[in-house]
Amino acid sequence: MSWALVSPLRRARIARRARVAAQPKPAITSARDWLGVLAMVVGLFMAIMDVQIVTSSLTQIQGGLSASADEISWVQTSYLIADVVMVPLSGTLSRLLSTRVLFVTAALGFTAASALCATATSLGQMIVYRAFQGFSGGAMMPLVFPVVYTKFRMPQLATLMVLISLILNLSSTLGPTIGGFLTDTFSWHWLFLVNLAPGIAVAVAVWLLIDIDKPDWSLLRYFDLHGLVLMALFLGCLQYALQEGPRWDWLSDDPILAAVVVSSIASAFFFWRVLTYHQPIVDLRAFTNRNFTLGAFYTFVVGTGMYGTTYLIPLFLAQVRGFSSLQIGVPRTQNGPAADAEHRHRAFCGGDVPDGRAH
């Protein structure tokens, strides 16, 4: 039969079958891949939980370090500043060192920082150690997803992403509860000592089970050190101004004013640098993709509500209501899954966009 006599519908069907046959078959996911990703997810759980694990025990840490009520907030702020700087930097470092090397190094650093936090005897030491812990934890968070998308295909990918999403939500919800239990049962030092055994196990498991890329040392030649410094100044000073501004009447205080000025100038030079340098520390051109931009926006909105209230509510219950660490953690465990379920229901049923308010 001549090709010209074949109906257009049949020709399209034949062409589609040919394209499908030409596509490479996805690799079969092994138990080794599942165990490796599971180990990385445990590390992710630890890194996110440690943002919140101290919230229900800030009063006890404050007494142990002889810090004031205003100063003790830096136990969380130092972690978050370092975390914010490291998350965008992890993309460049993972290509430079490889995903496995960076994740294992970060896991070991996180474990070492946890041990140091447990030995802190002053607020200054705790701030430094928590910053080190946040810097290491920030490297682990983004590295899970490249491995997941490399190793898994549908429908396993969908199942795994739902599991990771559930773990992410539980990590912030369970943090205050676990922290309160450890503080009431033992002492606040165990907020950090609890990370030692899992941290070492995660590092060993990832080193043995995960290997998706190789180091590219050629990136070191054009590493954007200027962009890194500008990013650190921009985000660090901004975080300091937002944290200390309410206590010192914002721009009426000279250090706050200086931080705002430095952050503004550094941000201008940072955006100019990453948009003009051929190997930027952060590639902002990804935001030209509409789907990526919308996803980042909605993640920001939901994350603001989820993490903001998780910090403010335990602080209110401790300083205003006088609750114990365990009493603070239990309501968060009850309210967290309910709020998350309501947000998901509203989003999927066409309701309002989740506003992140506490329930």
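The values are calculated or read from the model by the stated rules, or taken from the named source; none is laboratory data. Everything quoted here is computed from the prediction, not taken from an experiment. A quick note on method: Cβ atoms are made from the backbone with ideal geometry, for glycine too, and the neighbour counts reach across all protein chains shown.
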Count of segment 117-167 residues which are more than 22 Å from Trp188 (Cβ to Cβ) and touching a residue at least 40 places away in the same chain (Cβ under 8 Å)
19
Might you let me know whether segment 249-263 holds any residue that is among the aliphatic types (A, V, I, L, M) and closer than 30 Å to Gly63 by Cβ?
yes
So which residues in segment 277-312 are of a type in the set (D, E, K, R) and at pLDDT 85 or above?
Arg290
State all residues of segment 213-243 that are assigned to a helix (DSSP H, G or I), in contact (Cβ under 8 Å) with a residue 12 or more places away in the chain and over 23 Å from the mean Cα position of the chain (by Cα); if no residue qualifies, say none.
Trp217, Leu219, Leu220, Tyr222, His226
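A quick yes/no check of all residues on (1) among the hydrophobic types (A, V, I, L, M, F, W, C); (2) modelled with pLDDT under 80:
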| site | (1), (2) |
| --- | --- |
| Gln125 | no, no |
| Phe132 | yes, no |
| Phe145 | yes, no |
| Gln156 | no, yes |
| Ser165 | no, yes |
| Ser172 | no, yes |
| Thr183 | no, no |
Can you say whether Ala106 is crowded, with 19+ Cβ neighbours inside 10 Å and at pLDDT 85 or above, as far as the supplied structure shows?
yes
What single numbered condition from (1) surrounded by 12 or more Cβ atoms within 10 Å (Cβ to Cβ); (2) modelled with pLDDT under 80 fails to hold for Leu65?
(2)
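A quick yes/no check of all residues on (1) closer than 22 Å to Val87 by Cα; (2) part of a helix (DSSP H, G or I); (3) of a type in the set (Asp, Glu); (4) in contact with a helix residue (DSSP H, G or I) (Cβ under 6 Å, 6 or more places away or on another chain):
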{"site": "Cys117", "(1), (2), (3), (4)": "yes, yes, no, yes"}
{"site": "Ala120", "(1), (2), (3), (4)": "no, no, no, yes"}
{"site": "Val144", "(1), (2), (3), (4)": "yes, yes, no, yes"}
{"site": "Leu191", "(1), (2), (3), (4)": "no, yes, no, yes"}
{"site": "Trp207", "(1), (2), (3), (4)": "yes, yes, no, yes"}
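Yes or no, residue by residue, for (1) among the aliphatic types (A, V, I, L, M); (2) surrounded by 15 or more Cβ atoms within 10 Å (Cβ to Cβ); (3) over 12 Å from the mean Cα position of the chain (by Cα); (4) modelled with pLDDT under 80:
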| position | (1), (2), (3), (4) |
| --- | --- |
| Val20 | yes, no, yes, yes |
| Pro26 | no, no, yes, yes |
| Thr29 | no, yes, yes, yes |
| Val75 | yes, yes, yes, no |
| Leu80 | yes, yes, no, no |
| Val87 | yes, yes, no, no |
Considering only residues that are under 18 Å from Leu116 (Cβ atoms) and among the β-branched types (Val, Ile, Thr), which ones fall in segment 73-97?
Val75, Thr77, Ile81
Take the conditions aliphatic (A, V, I, L, M) and surrounded by fewer than 16 Cβ atoms within 10 Å (Cβ to Cβ) and apply them to Ala139. Does it pass?
no
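A quick yes/no check of all residues on (1) farther than 17 Å from Val229 by Cβ; (2) of a type outside the set (S, T, N, Q); (3) without any contact (Cβ under 8 Å) to a residue 24 or more places away in the chain:
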residue: Gln279; (1), (2), (3): no, no, no
residue: Asp283; (1), (2), (3): yes, yes, no
residue: Ala286; (1), (2), (3): yes, yes, yes
residue: Thr293; (1), (2), (3): yes, no, yes
residue: Thr299; (1), (2), (3): yes, no, yes
Checking Gly199 against (1) within 22 Å of Thr99 (Cα to Cα); (2) part of a loop (DSSP other than H, G, I, E, B): exactly one of these is not met. Which one?
(2)
Select from segment 62-114 the residues that are in a helix (DSSP H, G or I), charged (D, E, K, R) and either under 24 Å from Pro198 (Cβ atoms) or in contact (Cβ under 8 Å) with a residue 60 or more places away in the chain (or both) and list them in ascending order.
Asp83, Arg95, Arg100
Given the condition touching a residue at least 24 places away in the same chain (Cβ under 8 Å), surrounded by fewer than 13 Cβ atoms within 10 Å (Cβ to Cβ) and under 26 Å from Arg95 (Cα atoms), answer yes or no: does some residue in segment 260-277 qualify?
no
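Yes/no per residue for (1) within 22 Å of the chain's Cα centre (by Cα); (2) under 28 Å from Thr304 (Cβ atoms); (3) of a type in the set (Lys, Arg):
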| site | (1), (2), (3) |
| --- | --- |
| Thr119 | no, no, no |
| Phe145 | yes, yes, no |
| Leu182 | no, yes, no |
| His189 | no, no, no |
| Pro198 | yes, no, no |
